[in-house]
Every structure is written in C-alpha cells, then in structure tokens.
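Notes to accompany the following structure.
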Amino acid sequence: MPLRLLLVRHGLSSFNTERRIQGRDDLSSLTDEGQRQARLTGAALADLRLDAVYSSPLSRAANTAAQLLEAQGGGLSAECDDDLLEVDLDPWCGLLGSEVKERFPESYRLWREAPDQLELERSDGSRFQPIPELMDQARRWLNRLEREHLAQVDQPGDDLTTVLVVAHSAILRCLVMQLLGLPASRFQGLRLENASLSVFNLQRQVSGVQVQIESLNVTAHLGTRLPPKGPGARLLLVRHGETDWNRQGRFQGQIDIPLNTTGLAQAHSAADFLSTVPIQKAFTSSMARPRQTAEAILTAHPEVTLHSQEGLVEIGHGRWEGRLEQEISQEWGELLQQWKDAPHTVQMPEGENLQQVWDRSLACWNALAAGLEADETALVVAHDAVNKTILCALLGLTPADIWMVKQGNGGVSVIDWPPPQSPGGTLPVVTCLNLTTHLGGVIDRTAAGAL
C-alpha cells in the first residue's frame, strides 16, 4: 500500500491581503478568512484517518494546522519542523511587492522570471540563493519522511499511512518539484492557493520511490471551484467519463467505446462543476467517449461550437485492444511488465509507442493554445494516456514519467498560459491537476481505469 501525502498551504494571512513579502519572518498572522479556510479544510478531511501531521513553525502555518486539526476531529496535533519553513527572503521581508519592484528592480525581475537564479544578501553580508537552498531543505524533509513513514508501509499487512503537511507556497512547491524529480527552474510552473489541498501517493520500489500526483491545488472545499484565471489564456483539460471497458479493466485504445451510465453521470457532474466557468472554445478527441463528455459539459455553454481533433485520440494499443490484463499477460507477459516499469520503451504490437502519442498530442495541444486570445478559456476533452502526456510535458516530465500523473474519469485539470511578453515568465502554469471533487469527496478514491 502506498503512503499518502497531503500538502496544505496555510490560510489567508495578513501579509497576503496586504501583498507584502512574507518569507520566513514571523510578522504575518492568519486572518479571519484564513481561519475559516483552515476549518473548512479540516472538515473536508474529517472522514480520513491521519497518521502524522507536520507544520511549519511560523504562526500562519501553525495556526492553520491547529484549526484544521480541530475541525478534522482526529485528535492529532501537528509537529513543527524547521525544514518546512518558508523561503528565506531576508532583505525583502515586510516590504510591499511594489516596494521590492521599485527598490530592487533587477532582483525582482529575476524573482518573477527565473527565481532559481536569484541571489540575495542577508543582513550579515553573506550571499545566498533562496530557491536552491529551499530545494535542499525540501529534499532533507522528504528523506526524513521516507525513513520514518514510508518504511512502515513496506511491512506486510500494514494499512495505508496518511501524512499531512501544512506549510507555505514556496516550500510546498519545492517539495512537489523534489517529489517529481524536477529542477528548480520549474518553480514558476506551479501554483498553490491559500488552504488548497494537494495529494501525492508514494510507494517504495526496487528502483526507488514511485510517486503519483493524485491531485494538485484543490480549492472546491473552500467554495471556490477553480482558482482565479490569470492574465493569459486558460485551458481546461478533462478526461472522458467511465466506459464499460474502463470498469472491466480492458485496454480500450482506439476502439470507440461509448460512455456507460456512470460515465454519463460523471460527464454531467463535470458539466455542473464547470457551468459557471466562462468557456469560449471547445475541442475533443474525435472518439465517442470524450465527445459525449464534452457535449454534456457544453449543455451549460450552448453558444460554444465543439471541434474534433485527431491529434487527441487515445494511444493505439494495437493487438492489446479489447483484452483484459490477464489475457495480455498470457501472450505478452514480458512486454506488459515493461509497460508498467518503463512505458516509454514499449512499442505496442501493431500499435503506437508513447513517443508517437507524445508528439501528436503535444503538437495538437500547442496549436490549440496558440490559437487562444489572452481573455479566452478553452475546454479540451481527451483520454488517459493523451492527458498524461500533455500534463507531463507541461510539468517538465518525460514520456517515462506518465505513471506519475493520475487522471480519473471525469477529472478536470487547469492550465494557465502566460500572455505574450509576460513579466512573470514564460512557463505555462499547471494551476490544478485531476480535480474530482465534483465526483464525490476531496480525495479521489476511484480507480484510474484502463487506458
């Protein structure tokens, strides 16, 4: 059984509202709204058993943890850990963002565009790089997590271990990058809202620790379905609803299986979830299951025309299509195991390989994104493998990493595209990943389903 790691950013603080730089000085406090967010997050986790809770010692995080745990009702208290402190921005702490921009224009530019390259000077005259230091800090904490908790999961008969962390935006983003093996240069490609919840599954393998993103930056428990849209275009990437073959565990690939009753219900739940989101354009794989999902979502947006895209069709599994895993194992046992261990190295019998899917899905995705105006939001509905390749590319991962990304049937991911000549850098931001709260519960307990 995997270890489940829950990451929660602290609630809204006084410095958040004032747009002041917080860093690791304890000058900021939790606002009334931040306290409400903490309690709502705890209530959303009330049906989960938490085995351990860790918090940054800074008051805005520690108070969030305390109120969250009281509302959660599990009787735990948080252990404060200095390796969960926020990024050190010593010379800027307490200043308004506008003041930093005016007084330190070049450093501020680097912070917005390439924070991993920023170098600052502490009050004692020493020079340091805040983000590389924070990446080292995140790795130390994760190493301790693996030693103290993941080893317990390896024992036969052990139940799932759930660990909750309450900390800050920058350190949590560094934890995510370390979990995924990403460089510090990807820092601006992630976004975490106040009191948002992100879920990771960890499991020890012979080759190391296997990591899966179950969800990222969930805010629906706060009454906010999606975080506010930025100044550039937004894309909503949705996986189709369930089919009978998903339920049976059959490899679907390019066989055109329609949604089943559950899948139609999931599609309509996604439609309700996105009903108040302005959508100007819509695209779908040409296959029946994503088209049915997209059509359901667009019932709340009847003025939007749906366009089919051949580049978004599911991976061609060739001779595996229509078969159960045990059937495939009888004829292609070694290749099936290779698909699980090193998916990027597999050529499907009379089908595709992941690089081919990666190339065509990314070419299609990038063309769709390039065709959007900054004020537009587009709906894109596709498949498990296609969505995973797109999300891996956006995160800075490779075809070898597709098992790191979970895509539940009817799940929604949100990508914010930077406007031309953006002062905040050029990385698309994976704002949310695999939102499934509209399908029931904050934590996704559904099976991933067959591709």
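The values are calculated or read from the model by the stated rules, or taken from the named source; none is laboratory data. Bear in mind the structure is a predicted one, so any value in this text is a computation, not a measurement. When we count neighbours, we look across all protein chains shown, and the Cβ atoms used for this are built from the backbone with ideal geometry, even at glycine. Keep in mind that these areas ignore ligands, DNA and RNA; they rest on the heavy atoms of the full protein, side chains included. Shrake-Rupley method; radii C 1.70, N 1.55, O 1.52, S 1.80 Å.
Residues checked against (1) more than 18 Å from L222 (Cα to Cα); (2) in a loop (DSSP other than H, G, I, E, B):
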site: L5; (1), (2): yes, no
site: V8; (1), (2): no, no
site: T17; (1), (2): no, no
site: R24; (1), (2): yes, yes
site: S28; (1), (2): yes, yes
site: Q35; (1), (2): no, no
site: T41; (1), (2): no, no
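In the stretch 355-387, what residues are open to solvent by 10 Å² or more (accessible area, probe 1.4 Å) and in contact with a helix residue (DSSP H, G or I) (Cβ under 7 Å, 6 or more places away or on another chain)?
Answer for the stretch 355-387, where residues must be open to solvent by 10 Å² or more (accessible area, probe 1.4 Å) and in contact with a helix residue (DSSP H, G or I) (Cβ under 7 Å, 6 or more places away or on another chain): Q355, W358, R360, L362, A363, C364.
Every residue, every condition in (1) touching a Leu at 6+ places or on another chain (Cβ under 8 Å); (2) buried (at least 20 other Cβ atoms within 10 Å of the Cβ), yes or no:
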| residue | (1), (2) |
| --- | --- |
| G34 | yes, yes |
| L40 | yes, no |
| A46 | no, no |
| V53 | yes, yes |
| L68 | yes, yes |
| R122 | no, no |
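Identify the single condition in (1) closer than 14 Å to L175 by Cβ; (2) of a type in the set (S, T, Y); (3) open to solvent by 10 Å² or more (accessible area, probe 1.4 Å) that S185 does not satisfy, given that it satisfies every other one.
Checking S185 against (1) closer than 14 Å to L175 by Cβ; (2) of a type in the set (S, T, Y); (3) open to solvent by 10 Å² or more (accessible area, probe 1.4 Å), the one that fails is (1).
Test D159 against the criterion of being part of a loop (DSSP other than H, G, I, E, B), farther than 17 Å from V8 by Cβ and either open to solvent by less than 60 Å² (accessible area, probe 1.4 Å) or not small (G, A, S) (or both), and give yes or no.
Judged against the criteria, D159 is a match.
So which residues in the stretch 1-16 are among the small types (G, A, S) and surrounded by 24 or more Cβ atoms within 10 Å (Cβ to Cβ)?
G11, S13
Checking L164 against (1) open to solvent by 10 Å² or more (accessible area, probe 1.4 Å); (2) in a strand (DSSP E or B), which single condition isn't satisfied?
The failed condition is (1).
Restricting to the stretch 209-250, name every residue that is in a loop (DSSP other than H, G, I, E, B), of a type outside the set (S, T, Y) and surrounded by fewer than 24 Cβ atoms within 10 Å (Cβ to Cβ).
Once the filter is applied, which keeps residues that are in a loop (DSSP other than H, G, I, E, B), of a type outside the set (S, T, Y) and surrounded by fewer than 24 Cβ atoms within 10 Å (Cβ to Cβ), the stretch 209-250 yields G223, R225, L226, P227, P228, K229, G230, P231, G232, G249.
For the stretch 95-120, name all the residues that are surrounded by fewer than 16 Cβ atoms within 10 Å (Cβ to Cβ) and more than 22 Å from P132 (Cα to Cα).
Within the stretch 95-120, L96, S98, E99, E102, R103 qualify.
Looking at R139, R173, can you tell me which residue is over 18 Å from the mean Cα position of the chain (by Cα), part of a helix (DSSP H, G or I), of a type in the set (K, R) and at pLDDT 95 or above?
Just a single option satisfies the conditions, and that option is R139.
Just the residues that are acidic (D, E) and either without any contact (Cβ under 8 Å) to a residue 40 or more places away in the chain or loosely packed, with under 15 Cβ neighbours inside 10 Å (or both), please, taken from the stretch 70-94.
E70, E79, D82
Inspect the stretch 260-274 for any residue being touching a His at 6+ places or on another chain (Cβ under 8 Å) and not in a helix (DSSP H, G or I) and give the result as yes or no.
no
Has the stretch 297-307 got any residue that is buried (at least 23 other Cβ atoms within 10 Å of the Cβ) and of a type outside the set (A, V, I, L, M, F, W, C)?
No, because not a single residue in the stretch 297-307 is buried (at least 23 other Cβ atoms within 10 Å of the Cβ) and of a type outside the set (A, V, I, L, M, F, W, C).
Can you pull out the residues in the stretch 348-389 that are assigned to a helix (DSSP H, G or I) and hydroxyl-bearing (S, T, Y)?
Scanning the stretch 348-389 gives S361, T389.
Return the pair list, or none, for Cβ contacts closer than 7 Å from residues in the stretch 233-247 that are at positive phi to residues that are at pLDDT below 95, at least 6 apart or on different chains.
Going by the 7 Å Cβ cut-off, there are no qualifying pairs.
For the stretch 142-156, indicate whether the set of residues that are of a type in the set (D, E), within 21 Å of R9 (Cα to Cα), open to solvent by 70 Å² or more (accessible area, probe 1.4 Å) and not in a strand (DSSP E or B) is non-empty.
The answer is no, given that none of the residues of the stretch 142-156 is of a type in the set (D, E), within 21 Å of R9 (Cα to Cα), open to solvent by 70 Å² or more (accessible area, probe 1.4 Å) and not in a strand (DSSP E or B).
Of the residues in the stretch 188-208, how many are out of contact with any strand residue (DSSP E or B) (no Cβ under 9 Å at 6 or more places or on another chain) and open to solvent by 40 Å² or more (accessible area, probe 1.4 Å)?
Within the stretch 188-208, residues that are out of contact with any strand residue (DSSP E or B) (no Cβ under 9 Å at 6 or more places or on another chain) and open to solvent by 40 Å² or more (accessible area, probe 1.4 Å) number 3.
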